[in-house]
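Take a look at the structure below.
The values are calculated or read from the model by the stated rules, or taken from the named source; none is laboratory data. What you are looking at is a predicted structure, and each value in this text was computed from that prediction instead of being measured. Every residue, glycine as well, gets a Cβ built from its backbone with ideal geometry; the counts of neighbours run over all protein chains shown. These accessible areas exclude ligands, DNA and RNA; they are computed on the full protein's heavy atoms, side chains included. Shrake-Rupley method; radii C 1.70, N 1.55, O 1.52, S 1.80 Å.
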Amino acid sequence: MKSICLKTNNDEIISCMIRKLEDEFEDIIISSNQFKIYKNVIVHYIGENEKSFRLKIAELISYIIENFYEEQILDKIIDENYCYFETFERDVILKISEKIIELQETSFKYKNEILKGLVYEYFLDDNKIMILDGFVNFRLKPYLEVLDYVVDTSVTNFVLGLQ
């Protein structure tokens, strides 16, 4: 049996995670508890194919990061690197960035594959616990580099009037 614990205090993320686990996974037992600081979703895999389980967990966590963290990350990159733009200009740059990501992911899924690979590798190293905020802030350098490049491209498009 393989068990992992996903930690967060975001109730919306927990609800989404549990719903997806129940809908898309087989051979698992899910429990949800709060210990000290974090609310925990504990997943016990009772099947035989741990590699497949890790891949599905990587897809789930990638989905969570893309849907609950990505816009905040893009916003932070824009605010830190392009603070000299007006608020409405930064909003336009954010929208251009989101459009670039949407178009790119439709065809290539490059960013998503990097993200899934990072999550998969994390659990491959026998880590059993993931604090989502910590993982996003400290373990996603290649993914953040892709988002940084997207923002740079968006700024170029904005300045050149190509949006």
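So the values come out like this:
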| item | result |
| --- | --- |
| Segment 1-53 - percent relative contact order, Cα under 8 Å, separation 6 or more | 48 percent |
| Probe 1.4 Å - accessible area at residue 109, Å² to nearest ten | 100 Å² |
| Distance between modelled label sites at residue 15 and residue 127, nm, 7 Å Cα→Cβ extension | 2.7 nm |
| Cα-centred dipole magnitude for the chain, charges only on beta-carbon of K, R (+1) and D, E (-1), debye, nearest 20 | 480 debye |
| Theoretical ellipticity at 222 nm over the chain - DSSP helices of four or more residues, -39500 (n - 2.57) apiece, nearest 500 | -22000 deg cm²/dmol |
| Sulfur and carbon atoms: percent of accessible area, segment 1-134 [1.4 Å] | 49 percent |
| Residues of segment 24-115: accessible area per residue with a 1.4 Å probe, Å² | 61 Å² |
| Where GluC sites (Glu not before Pro) fall in DSSP loop in segment 15-88, at most 16 other Cβ within 10 Å | 26, 48, 86 |
| Across 51/99; 51/109; 2/99, pairs whose alpha-carbon gap is larger than 27 Å | 51/99; 2/99 |
| C-alpha center-to-center spacing [segment 102-163, segment 33-49] in angstrom | 25 Å |
| Dipole axis of the chain (+1 Lys, Arg; -1 Asp, Glu on Cβ), positive-most option in 131, 149, 93 | 131 |
| Cα extents of segment 20-113 along the three principal axes, largest first (Å) | 52, 39, 19 |
| Viscosity 0.692 mPa s, 37 °C: Kirkwood-radius Stokes-Einstein D of segment 70-163 over Cα pairs, µm²/s | 230 µm²/s |
